[in-house]
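Asker: The structure follows.
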Amino acid sequence: MALTSYTELKTSIANYLNRSDLSSVIPDFITLAEAKMNRVLRLRVMQKRVSTTTVANDEFVDLPSDFLEMVQFFVDSNPNVVLDYVNPTEIELDNLRDTSGTPQQYSIIGNEIKLNPIPDSVYTLKLTYFSEIPTLSDSTTTNYILSNYPQVYLYGSLLEAQPYILNDERIQVWMTLYNEAIQLINRDDEQGRYSGRTAFAMKSDAANP
């Protein structure tokens with residue numbers, strides 16, 4: 001059968017498991033597979049760019065709700081100020097200096113970004129980040145992973161199903177197929193990053209890592 005939508009994915013999982021009594025838990029297998037994909041995949045298509053603004057004398061701004069990992073973060077000014085990441089302990093120590101001005105550093109604390117120094121005015125911040133894979137549901141019936149690499153969803157969900165159905169001997173089978181699918185999608189993404197580049201440029205990168 002086709003494997004292009006959330007409904008078709010659930011049906012395919014049930015067919016592979018040869019079980020008709022798991023309709024209430026198959027969505028959980030898919031959710032667990034998505035959580036694992038968010039940990040292991042960092043694809044170009046997962047990158048997003050957003051803008052936000054600071055509030056004077058407030059060192060915190062909210063992270064995007066689907067944030068996974070920062071790619072680039074800067075103050076949109078002339079010239080732009082690229083913000084350096086520091087760990088939460090270090091930024092807390094620096095903030096004890098009680099300075100304010102154009103942010104130079106940031107750290108991530110919970111679901112917020114903490115800036116240092118504390119903004120003394122309104123600044124526009126621009127973020128490029130890796131975002132979570134859009135969650136499949138009855139209302140969100142497909143996404144770019146399911147459309148292009150349905151085997152990642154299928155094998156990942158089947159792998160998550162095995163402990164539930166007490167079928168531990170099949171875990172290695174689905175894990176092998178899942179890992180092969182992850183390698184495929186990572187390889188395709190890596191090749192896409194360099195498509196159109198000259199052989200000379202590729203060699204230069206290799207010689208100057």
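Asker: Could you check how much of the accessible area of the chain is carbon and sulfur, as a whole percent, using a 1.4 Å probe?
Answerer: Carbon and sulfur atoms account for 49 percent of the accessible area of the chain.
Asker: Here is a further query. If the chain between residue 124 and residue 48 were fully stretched, how many nm would it gain, using 0.36 nm times the residue separation less the Cα-Cα distance?
Answerer: Values: separation 76, 0.36 × 76 = 27.36 nm, distance 1.65 nm.
Here the answer is 25.7 nm.
Asker: Using the C-alpha gyration tensor of the chain, what are the square roots of 5 times its eigenvalues, in whole angstrom, with the largest one first?
Answerer: In descending order, the three semi-axes are 41, 23, 15 Å.
Asker: Within the chain, how many Lys pairs sit with Cα atoms under 25 Å apart, leaving out pairs fewer than 8 places apart on the same chain?
Answerer: Values: 10/36; 36/48; 48/114; 48/126; 114/126.
Lysine pair count for the chain: 5.
Asker: Further question: Report the extension gain between residue 172 and residue 14 in nm, rounded to one decimal, defined as 0.36 nm multiplied by the number of residues separating them, less their alpha carbon distance.
Answerer: Result: 55.0 nm gained on full extension.
Asker: For residue 83, enumerate residues with amide H under 5 Å from its amide H, sequence gap 5+ or separate chain, H modeled in the peptide plane.
Answerer: The answer is 73, 74, 75.
Asker: Can you list which of the trypsin sites (Lys or Arg not before Pro) found in the range 28-64 are DSSP loop residues with at most 16 other C-beta atoms within 10 Å?
Answerer: 42
Asker: Indicate, rounded to the nearest 5 percent, the antiparallel portion of the DSSP beta bridges found entirely in the chain.
Answerer: For the chain, the DSSP antiparallel bridge percentage is about 85.
Asker: Using a 1.4 angstrom probe, figure out how much accessible area the chain has per residue, in square angstrom, rounded to the nearest whole.
Answerer: About 57 Å² of surface per residue is accessible.
Asker: Kindly work out what percent of the DSSP beta bridges joining two residues of the range 58-170 are antiparallel, to the nearest 5.
Answerer: Antiparallel bridges: around 80 percent, rounded to the nearest 5.
Asker: Given axes a ≥ b ≥ c from the Cα gyration tensor, I'd like to know whether the range 68-132 is rounded (a/c under 1.5), prolate (a/b larger than b/c) or oblate.
Answerer: oblate
Asker: Suppose R0 equals 22 Å. What FRET efficiency, 1/(1 + (r/R0)^6) with r the Cβ-Cβ distance, do residue 70 and residue 137 give to the nearest 0.05?
Answerer: Calculated transfer efficiency: 0.20.
Asker: 222 nm [θ] for the chain, helices only, -39500 (n - 2.57) per DSSP H run of 4+, per residue, to 500?
Answerer: So the calculated ellipticity at 222 nm is -13000 deg cm²/dmol.
Asker: Related question: So if each residue of separation counts as 0.36 nm, and I subtract the Cα-Cα distance between residue 87 and residue 5, what length gain in nm does that give? Provide the component values of the computation, followed by the final result.
Answerer: Details: separation 82, 0.36 × 82 = 29.52 nm, distance 4.10 nm.
Answer, rounded to one decimal: 25.4 nm.
Asker: If you don't mind, another one. Search the structure for amide H atoms under 5 Å from the amide H of residue 136, placed 1.01 Å from N in the peptide plane, and list their residues when 5 or more places away or on another chain.
Answerer: none
Asker: Given H placed on each backbone N at 1.01 Å, which residues far from residue 47 in sequence or on other chains put an amide H within less than 5 Å of it?
Answerer: 131
The values are calculated or read from the model by the stated rules, or taken from the named source; none is laboratory data. Keep in mind it's a predicted model, so treat the numbers as computed, not measured. Positions of Cβ are backbone-derived with ideal geometry, glycine not excepted, and every protein chain shown enters the neighbour counts. The area values use the complete protein model at the heavy-atom level, side chains included, leaving out ligands, DNA and RNA. Shrake-Rupley method; radii C 1.70, N 1.55, O 1.52, S 1.80 Å.
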